[in-house]
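Just below is one structure, and these are the notes that go with it.
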Amino acid sequence: MADQRQDETQRHLSVETELVHAGRDPERFDGFVNVPIVRGSTVLSPTVADLEGHTGRYSYGRRGNPTVEGLEEAMTRIEGGAGVVLTPSGLSAVSVALLSVLEAGDHLLMVDSAYQPTRRVCDAVLKRAGVETTYYDPLIGAGIEELIRPTTRAIYMETPGSQSFEMQDVPAIVAVASARGIVTLIDNTWATPLFFRPHAFGVDISIQAGTKYISGHSDLNLGTVSANARCLRQLRLTHGDLGITVAPEDAFLGARGLRTMAVRLARHQESGLTVARWLAQRPEVLHVLHPALPEHPGHALWQRDFAGASGLFSIILKPAPKAAVDAFLDSLDLFGLGYSWGGFESLAIPFDCSDYRSATRWEPGGPAVRLHIGLEDPADLIADLERGLAVLAETSEA
Ligand SMILES: *Cc1c(COP(=O)(O)O)cnc(C)c1O
């Protein structure tokens, strides 16, 4: 249905407008603005002929649900591909997407800076299924050609890199892949389709951890996988065969978050840059890993390909004892210490990629901290960080 509507409506609305209108159908739901939460497994047919002929719009809860379909349709229009499936988490979106394109004997090229649990999908699940993975340097660009084998079926990207924020040259990699019929996938959670449009760059499959900015409220795990016409059939089959479903309540919350995603992201972007620029001038900070800052090594790629930046970036502190970094983080009032990001609130975590990167070395020169800048007043966030950095300095000296 989503595909049909896309054909009908060649309106070229902006993504901001689609975020508000796509996937809603007030006429169908007695005028209610939002698609209601429809719970259910069994769907009744009036006659055996209807049951056997599948004449109804729905046949079984796992195979289709109005609330889930509403969000799928909205995401389809926002991604600009051929269709979207929903999954119960971002990581299941990654695994379903990879399983839909790979089979025993295939070779996968996986970016070394991928979200760490994505590596487990490769090193555990795909390995057992007979798929071999080679990790590649996120800065490889067109040089990826040298890693391609006759069995290479897919290239997976994530840009900027998880935690370390390396920027990938997506068009260069897509050019190499498409010349050889290799499928390309990307985890686009950081940028969302508002700030980077994978299908417009020729990427076949676009993955979102809906847990982050789609939800926007830290109250949900959700994943979305968007495919172009080339990959949609196989994606839907794999998703269906694996029995993946999303609860209607979760789809409802995802759609609810989506309506305000553009205004939230504008604020995350602005406040994120304000805080990042302030941190870049601090004597305690060695580097700020934020691709929208001109000093970032991937800034030119970001500027060429992206329309904006979200609220997640990292900092490398000047060398300091672990106890001092812990005291800095423990002293923060407004930054919660916790995994995930993309909600309304600010977060901080210490991190270290050196244990698990395999194609590159992680030697940042000091302790690393990832920050998510929420919707608070950035002046309050800066004051909080300023107090924290004073604690860092005091504890380092002690
Ligand atoms: C959080 C995240 C995921 C996984 O999402 P979950 O809902 O936690 O499974 C995948 N990719 C990226 C880039 C993420 O940040």
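The values are calculated or read from the model by the stated rules, or taken from the named source; none is laboratory data. Note that the structure is predicted; figures quoted are calculated from it, not measured. Here Cβ is always computed from backbone atoms with ideal geometry, including for glycine, and neighbour counts include all displayed protein chains. For accessibility, only protein heavy atoms count, side chains too; no ligands or nucleic acids. Shrake-Rupley method; radii C 1.70, N 1.55, O 1.52, S 1.80 Å.
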Under the Karplus curve 6.51 cos²θ - 1.76 cosθ + 1.60, θ = phi - 60°, whole-Hz ³J(HN,Hα) for the stretch 158-170, x wherever Gly or Pro sits: 8, 9, x, x, 4, 6, 9, 6, 5, 9, 9, 8, 4
Estimated vicinal HN-Hα couplings, Hz - the stretch 110-115 in sequence order (Karplus 6.51, -1.76, 1.60; Gly, Pro = x): 10, 5, 5, 9, 5, 3
Against the 2.2 N^0.38 Å scaling, with N counting residues, where does the stretch 261-397 land? I'd like the Cα-based Rg ratio to two decimal places. 1.03
Under a Cβ-Cβ cut-off of 15 Å, what is the net charge of the residues other than residue 337 that fall near it, where Lys and Arg count +1 and Asp and Glu count -1? -3
Check which residues have an amide H placed less than 5 Å from residue 135's amide H, if you skip close sequence neighbours. 110
The stretch 331-383 - Rg and Dmax from Cα coordinates, angstrom: 13.6, 40
Acute angle (nearest 10 degrees) that the helix 66-79 long axis makes with the longest principal axis of the chain, alpha-carbon atoms: 60
For residue 362, residues with placed amide H under 5 Å, excluding near neighbours: none
With all protein chains present and a 1.4 Å probe, how do 112, 137 order by accessible area, largest first? 137, 112
Which value, in Å² rounded to 10, gives the accessible area of residue 134 with a 1.4 Å probe and all protein chains present? 30
Compute the Kirkwood hydrodynamic radius of the stretch 128-260, taking the inverse of the mean of 1/r over all pairs of distinct Cα atoms, and give it in Å to one decimal. 16.2
Acute angle (nearest 10 degrees) that the helix 261-280 long axis makes with the longest principal axis of the chain, alpha-carbon atoms: 20
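Considering only protein heavy atoms, with the full assembly of protein chains and a 1.4 angstrom probe, order 30, 377 by accessible area, largest first.
Ranked list, largest accessible area first: 30, 377.
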Protein chains only, probe 1.4 Å: how do 43, 288 rank by accessible area, largest first? 43, 288
Within the under-14-Å Cβ sphere about residue 398, not counting residue 398, Lys/Arg +1 and Asp/Glu -1 give a net charge of -2
Considering all alpha-carbon pairs of the stretch 2-259, what whole percent are spaced by more than 22 angstrom? 55
Under 5 Å between amide H atoms, partner at least 5 residues away or on a different chain: which partners does residue 336 have, H built in plane at 1.01 Å? 346, 347, 348
Accessible area of the stretch 154-300 belonging to carbon and sulfur atoms, whole % at 1.4 Å probe: 53
What nm distance separates the two modelled labels at residue 132 and residue 318, each placed 7 Å from Cα along Cα→Cβ? 4.8
Heavy atoms of residue 397 accessible to a 1.4 Å probe, total area in Å² rounded to 10: 150
Output wanted: per-residue J couplings in Hz (rounded whole) for the stretch 334-345, from phi through Karplus 6.51 cos²θ - 1.76 cosθ + 1.60, θ = phi - 60°, x for Gly and Pro. 8, 8, x, 9, x, 6, 6, 5, x, x, 6, 10
Those residues of the stretch 229-273 whose amide nitrogen sits under 17 Å from the label point placed on residue 57, 7 Å along Cα→Cβ: 248, 252
For the stretch 73-180, the per residue accessible area (1.4 Å probe, Å²) is 33
So what's the net charge close to residue 317: Lys and Arg +1, Asp and Glu -1, counting the other residues with Cβ under 10 Å from its Cβ? +1
If you count only protein heavy atoms and use a 1.4 Å probe, how large is the accessible surface of residue 60, to the nearest 10 Å²? 100
